[in-house]
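The values are calculated or read from the model by the stated rules, or taken from the named source; none is laboratory data. These numbers come from a predicted model, not from an experiment. Cβ atoms come from the backbone with ideal geometry, glycine included; neighbour counts cover every protein chain shown.
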Amino acid sequence: MILPKFRESPALAAGRGGAYPPGTMHTAPKAVCLLSGGMDSAVTLAEAKAQGFQTFALTLDYGQRHRVELDAARRVAEAGGADLHRVVRVDLSALGGSALTADLEVPKQRSGDEIGQGVPITYVPARNTIFLSIALGWAEVVGARHLFLGANAVDYSGYPDCRPEFLRAFEALAKTATAAGAERGESFQVVAPLLELSKADIVRRALELGVDLGLTHTCYDPIVEAGGVRACGRCDACILRLKGFREAGTQDPIAY
């Protein structure tokens, strides 16, 4: 189930049974939150915190060429108050097939129409399937039944694994593939609170939640210098990010 935007899930509300009386002990429900270090995942972590979950932030070191996003993920996890942050190594660069993991050119200066058509070379084959599978494994270990993912189907770069159909299919798989589902009939929910938002909406929501987007990293082809990291401003990810800030009427705090 994809949760309604900015609202507590019915399952979580039912689990709370209303407000806790003063002085009583309680255990907040747990959620595994995929955290790349980008803007969308940072806001998604904040949404999980706002909904009252204990947050288990999961970052995948998958052999990405833009490895500075791993540092951004650590910053975001700390600033965002993740209860636990884990970085797991899965080397997708061994498979290749993407400009993010292989020696292929990252597309630059594409128009909005071009970005929205077809699956680009920056698509990492089966990435969200692999990421969610690892998140599902950790969820079973820690007793979480919610998987938070910063997927976005509005201002997105044509990735097939950011679509609602994929998320619904993964939920069905999760119930079939796990001991929790097979033995106890338990379900897992893939929570994508940003799924139907524009990048401008995501920027506005970040401001509402107090997320410091200056800590995040989005660029697929960053310029790494002695003085720090600058985004290229020309790849698809940068173009969509800058468009979001422009339409939200505010300035992007990162360096370009």
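Scanning segment 58-86 for residues that are more than 24 Å from Gly97 (Cα to Cα), crowded, with 18+ Cβ neighbours inside 10 Å, in contact with a Leu (Cβ under 6 Å, 6 or more places away or on another chain) and not hydrophobic (A, V, I, L, M, F, W, C) yields a single hit, Gly80. Looking across segment 139-174, the residues that are surrounded by 15 or more Cβ atoms within 10 Å (Cβ to Cβ), charged (D, E, K, R) and farther than 15 Å from Ala126 by Cβ come down to Glu140, Arg145, Asp155, Glu171. Scanning segment 178-190 for residues that are surrounded by fewer than 24 Cβ atoms within 10 Å (Cβ to Cβ) and touching a strand residue (DSSP E or B) at 6+ places or on another chain (Cβ under 9 Å) yields a single hit, Gln189. When Pro120 is tested against (1) at pLDDT 95 or above; (2) touching a Ser or Thr at 6+ places or on another chain (Cβ under 7 Å); (3) surrounded by fewer than 21 Cβ atoms within 10 Å (Cβ to Cβ), exactly one condition is not met: (1).
Any residue that is modelled with pLDDT under 90, within 20 Å of the chain's Cα centre (by Cα) and of a type in the set (A, V, I, L, M, F, W, C) - is there at least one of those in segment 127-138? For segment 127-138, residues modelled with pLDDT under 90, within 20 Å of the chain's Cα centre (by Cα) and of a type in the set (A, V, I, L, M, F, W, C): absent.
Test Ser111 against the criterion of being surrounded by 15 or more Cβ atoms within 10 Å (Cβ to Cβ) and not β-branched (Val, Ile, Thr), and give yes or no. Lay out the reasoning, then the answer.
Values: surrounded by 15 or more Cβ atoms within 10 Å (Cβ to Cβ): no; not β-branched (Val, Ile, Thr): yes.
No.
Residue pairs whose Cβ atoms lie under 8 Å apart, sitting 6 or more positions apart in sequence or on different chains, and linking a residue in segment 30-48 that is on the phi > 0 side of the Ramachandran plot to a partner that is assigned to a helix (DSSP H, G or I) and of a type in the set (Lys, Arg), are Gly37/Arg74; Gly37/Arg75.
Scanning segment 139-164 for residues that are at pLDDT below 95 and not aromatic (Phe, Trp, Tyr) returns Ala151, Asn152, Ala153, Val154, Asp155, Ser157, Gly158, Pro160, Asp161, Cys162, Arg163, Pro164.
Mind listing whichever residues of segment 168-220 are of a type in the set (Val, Ile, Thr) and more than 20 Å from Lys243 (Cα to Cα)?
Step one: of segment 168-220, the residues of a type in the set (Val, Ile, Thr) are 176, 178, 190-191, 202-203, 211, 216, 218.
Thr176, Thr178, Val190, Val191, listed by residue number.
Screening segment 180-251 for strands (runs of 3 or more DSSP E) wholly inside it with 1 or more residues that are in contact (Cβ under 8 Å) with a residue 24 or more places away in the chain and touching a Pro at 6+ places or on another chain (Cβ under 8 Å) returns the ranges 228-230.
Taking segment 198-234 as the range and being closer than 21 Å to Ala79 by Cβ, surrounded by 17 or more Cβ atoms within 10 Å (Cβ to Cβ), among the hydrophobic types (A, V, I, L, M, F, W, C) and modelled with pLDDT of 95 or more as the test, the residues that pass are Ile202, Val203, Ala206, Val211, Leu213, Leu215, Cys219, Ala231.
Scanning segment 111-140 for residues that are out of contact with any helix residue (DSSP H, G or I) (no Cβ under 8 Å at 6 or more places or on another chain) and on the phi > 0 side of the Ramachandran plot yields one hit, Gly118. Quick check on my filter: what residues within segment 75-124 are assigned to a loop (DSSP other than H, G, I, E, B) and under 30 Å from Gln54 (Cα atoms)? Matches in segment 75-124: Gly80, Gly81, Ala82, Asp83, Val90, Asp91, Val124.
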